[in-house]
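The values are calculated or read from the model by the stated rules, or taken from the named source; none is laboratory data. Computed from a predicted structure; not experimentally measured. Here the Cβ positions follow ideal geometry from the backbone for every residue, glycine too, while neighbour counts run over all protein chains shown.
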Amino acid sequence: MIYGYARVSTSDQKTDLQILALQEAGCESLFVETASGADRRRPELTQCLAKLQSGDTLVVWKLDRLGRSLSHLVAILDDLTSRGVQFRAITQGIETGTSTGRLVSHILGALAEFERELIKERTREGIKAAKGRGQKMGRRYAMNQEQIRQARRLMDEGHSASYVSGLFKISRATLFNSFKRLKEDDIPGRKEEGRDTRTVDMFDGKTDVER
């Protein structure tokens, strides 16, 4: 049996041209849907692929109507081939049942692999460049150093971990993990050799030693 699949990206676009071409290509059953090229959810395509059996043929107007990307397109073609399903793209004149069509399929597979390698290489180069600029990779911390110092002071003043974590809208675990990042010199009350660590009362201006 010959199945046809047509797709447009928006409701403003029409599928008339695609449907006419698919009908002229001998399609006995059509699946039509409106979905963006990058949209993963394509219920009509999913249903169409599920119906295909060995000996069937899937026809599309153009290659870009089928796959979200080159690698996705190749994955679909590989699946069809493994199930004994033929594929045809009308505009490009591609038919996997012919030697030329099989050659094009192999070329698309090689291009997809090349695309994946390029993405990996660009990602590695991007990470390396970011590190060279001093940027830290990964998720951002929930608290900066100043916030951690404030939280530490509140804890030292007798406030509970639940109260402090709620104040900063973080979990208790995140709070204690943040304390591990607090620089030693920034811990309230921590003395450093050769440094005057006396605190000054913000109200009377006297140091703890003078009082």
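A few remarks follow.
- Every condition in (1) assigned by TED's automatic domain parsing to the domain that holds ALA50; (2) within 15 Å of LEU58 (Cβ to Cβ) holds for SER105 except the one numbered (1).
- On the stretch given as the stretch 35-61, residues that are outside any loop (DSSP other than H, G, I, E, B), exposed (fewer than 15 other Cβ atoms within 10 Å of the Cβ) and within 28 Å of the chain's Cα centre (by Cα) total 4.
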